[in-house]
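Below is one structure; the comments refer to it alone.
Here, each number is a calculation from the coordinates, and none is a lab measurement. Bear in mind that the values here come from a model prediction, so they are computed numbers and not experimental data. Positions of Cβ are backbone-derived with ideal geometry, glycine not excepted, and every protein chain shown enters the neighbour counts.
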Amino acid sequence: MKNFILIGIVLSFIACASVQSVLERERIIKPKPPIAKKIPYETSIHDTILVDNYHWMKDKSRTDPEVIAHIKKENAYTDSVLFNTKELQEQLYQEIVGRIQKTDLSVPVRIDSFYYYWKDVEGKEYSLYCRKKSIPDAKEEIVIDLNELASGYEFYDVSNIEVSPNHQYIAFAFDTTGAEHYTLAVKSIKENTFLSDTAYPVDDLVWANDNNTLFYIAENDSGRSDKLYRHVLGTDQKEDELIYQENDGAFYVWIYKSRSKKYLILSTGSKITYEIRYLKADNPFGEFKIVQPREQGHRYYICPHINEFFIVSNDGAKNYKVMVTSIQHPGKENWKEFIPHRDSVSIDIDVFKDYMVIYERENTFKKIRILNFSTKEEYYIDFPEPIYTIYPGKNPNFDTHILRFTYESMVTPYSIYDYNMETREKELKKHQEVLGGYDASKYRSERIFAQAKDGTRIPISLVYKKDLFTKDGSNPLFLTGYGSYGDTYELYFSTTHLSLLDRGFVYAIAHVRGGGEYGKQWHEQGRMLSKKNTFTDFIACEEYLIEQNYTSRDKLVIEGGSAGGLLIGAVLNMRPELCEIAIADVPFVDVINTMLDPTLSATVSEYEEWGNPQDKQYFDYIFSYCPYQNVKAQHYPNILAFGGFYDLRVNYWEPAKWIAKLREKKLDENLALLKVQLSGHAGASGRFSYYREVALKYAFVFDILGIEF
């Protein structure tokens, strides 16, 4: 598989060969940015002429010498301009990783007679996956050593680790580029050898209960997960049987095993429509049966219990309701209401033998409600802070009274709890340790609200160090946001943010529309023909933070990634004067051109988030806010953009084209920098290498704002 990194070897992104001795803070001496050649490209769509001088970056392949040369020049230019921050980057990196335990251990998860866990070892970039038998003084077995597997690769990522029911084999998928094209591997744990079984490219994996049959999801040429195959150990991939193929380009396919271990659940879904099939895991050569045929706009999923399916459905219930039906008659005509829909509360569930766990989100915050099936008694778990987040932990066992979950806030490091649903007692299993000393009492988090143009209250979550905060506009402020796909921006704790907070920064999250903070309606108000609400909400947050003296315009930094990068790009075109610095991570900034190309993996499915630009109404609307199309002759703040060369979600050409056009159009001398990493959408794969990117960002910000280290 090392051929996968051949392109990376060819690229070998090098630092600038000729480095000036000193780059002054005012940047009076600095190299000239690379000039991206113009090749005017015109296409007529709905009577609108799209002119794209930099379309060649997309049209050429990743192996094209011209593309490689341009990206190398961009990286060299960025390295040269930021040369005077190299020492600062290293200091920041050492400070950040200095807070992280070099040797660490996860909370073991019991599955049958084994405890499985991962551990990190000082000096190693990747984790080791281990297990012990559930007996006293059991010997540790290293199941997978990612450091050995990653040797020789610039990038190495593992996903979908699945142990066979008899605990003799482990199957997983690995990627060596960051492009998220994964290869199947199967290992005999007892023999400590890899089998010849493989498949490529794969996504989800699941074992049947016979310990000899693997089901896996495969991708088509565009990268869409669209097929389910059945693989028998010891056979060649060519012999794998195609079980299901999804031909609708808006739909993806995934598979998992029920917590009860009785069923394999095959799901296929678009952004707004789901369809579910199931098969008894003891009968791998049987036929998957459908629960309810797809209906446009109907999203549902199933949680098998003993003799029934609990079904979470949005049929007539935007924020979902819970239905129940017998396994023998799963169709919608047999569904009975179990938990009714509530307009102000969105719900999700987990099902155990004796309990149902209901995850509710109300007024942006999550709550956990426990229902005892036998007694019908219900209650909520108490949490100590008004501003926090919770999410389920590893809960593989069906017949248990223990619920594992993780709790954290913007000031409280993550804490893993085992909660006894019978006795209502919490047991702290692990608390994230911050090396070097961290006192949560010295920091404060709060929730404030900006008012959007239409009167909607937009939540802003803040955290800062108490003794460094003065509400007089003097604090630098780091504002981030997302606002797409109905995803909620959770309130997480970050050790990296301490490098900001301890120097007087306020860190803020703008919970703009398009996310899921207030349920489905919050998403609806920021998608399709209402997408601009996402951008104007963020601008309202910028204005409010400045007006209320949390910061000032010349100390405001804004950041967003992926669809959050679209947010940053759109906001910069609309109100560039509100901030001093903008950072865009793998930004989705060339929306109109990407959405006009159905050969890209996500385009067709994304029609249900942005609209199909083949329809003139949607074309005109997307075109009106597309960051790339709306770059204009005006002043912009300092901008740093990141791209992933192997990123197939937001391809490298989007930030590359955007930065080139910004340099062409803008009227100022502020920086417009691009750094393209040899990685995918999620950035570097190593445990510590990611923090090099964070240190570069912070050094960029500190240098411009004059923050002393």
Around residue 444: net Lys/Arg minus Asp/Glu count, Cβ-Cβ under 15 Å
0
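Quick one: net charge of residue 635's neighbours, Cβ under 14 Å, K/R +1, D/E -1?
Details: positive: 553, 575, 632, 663, 665, 666; negative: 554, 577, 580, 668, 669.
Net charge around residue 635: +1.
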Report the one residue of 260, 234, 159 whose Cα lies farthest in the direction of the positive end of the charge dipole of the stretch 153-298 (charges on C-beta: Lys and Arg +1, Asp and Glu -1; origin at the Cα centre).
260
If r is the Cβ-Cβ distance from residue 248 to residue 428 and R0 is 41 Å, what FRET efficiency results, to the nearest 0.05?
0.35
Tell me the angle of helix 65-81 to the major Cα principal axis of the chain, expressed in degrees between 0 and 90 and rounded to the nearest ten.
70
Which distance in nm do the two modelled labels at residue 441 and residue 524 give, with both placed 7 Å along the Cα-to-Cβ direction?
4.8
Alpha-carbon Debye profile of the chain, log10 I(q)/I(0) at 0.06, 0.07, 0.11 Å⁻¹
-0.36, -0.50, -1.39
For residue 471 and residue 191, compute 0.36 nm times the residue count separating them, minus their Cα-Cα distance, and round to one decimal in nm.
94.5 nm
Trypsin sites (Lys or Arg not before Pro) lying in DSSP loop within the stretch 358-396, provided at most 12 other Cβ fall within 10 Å:
376
12 Å cut-off, amide nitrogen to a point 7 angstrom out along residue 597 Cα→Cβ, residues in the stretch 58-88
58-62
By the C-alpha gyration tensor axes a ≥ b ≥ c (rounded if a/c is under 1.5, else prolate when a/b exceeds b/c, else oblate), the shape of the stretch 246-317 is oblate
Obtain the nm distance between the two label points defined at residue 48 and residue 362 by a simple spin-label model: each point lies 7 Å from its Cα along the Cα-to-C-beta direction.
4.3
Looking at the stretch 264-314, which GluC sites (Glu not before Pro) are in a loop (DSSP not H, G, I, E or B) and have at most 12 other Cβ atoms within 10 Å?
287
Neighbour cut-off at most 12 other Cβ (10 Å), DSSP loop, trypsin sites (Lys or Arg not before Pro), the stretch 67-164:
139
Which pairs break 20 Å Cα to Cα here: 102/697; 366/532; 471/532; 271/321; 60/661; 321/367?
102/697; 366/532; 471/532
The residues 195, 428, 403, sorted from fewest to most surrounding Cβ atoms within 10 Å, come out as 428, 195, 403
For the stretch 153-298 the mean separation of alpha carbon contacts under 8 Å (6+ apart) over residue count, i.e. relative contact order in percent, is 14
With a ≥ b ≥ c taken as the square roots of the eigenvalues of the C-alpha gyration tensor of the stretch 523-653, please select rounded if a/c is under 1.5 and otherwise prolate if a/b is larger than b/c or oblate if it is not?
prolate
Can you work out the FRET efficiency for the pair residue 111 and residue 61, with r the C-beta to C-beta distance and R0 = 56 Å, to the nearest 0.05?
0.80
Measuring from its Cα centre, the chain shows a charge dipole (+1 at each Lys and Arg Cβ, -1 at each Asp and Glu Cβ) which, in debye to the nearest 20, is 560
As a test of the formula, what do you get for the chain when each DSSP H run with n ≥ 4 contributes -39,500 (n - 2.57) and the sum is divided by the residue count, at 222 nm and rounded to the nearest 500 deg cm²/dmol?
-5500 deg cm²/dmol
For residue 151 and residue 632, compute 0.36 nm times the residue count separating them, minus their Cα-Cα distance, and round to one decimal in nm.
168.5 nm
Neighbours of residue 171 by Cβ distance under 13 Å: Lys/Arg at +1, Asp/Glu at -1, summed charge -2
Nearest-0.05 FRET efficiency for residue 414 and residue 280 at R0 = 41 Å, using Cβ-Cβ distance, is 0.65
Starting from the 7 Å offset along Cα-to-Cβ, what nm value, one decimal, do you get for the label separation of residue 306 and residue 101?
3.9
Largest first and in whole Å, what are the equivalent-ellipsoid semi-axes of the stretch 39-127 based on the Cα gyration tensor, each being the root of 5 times an eigenvalue?
46, 26, 13
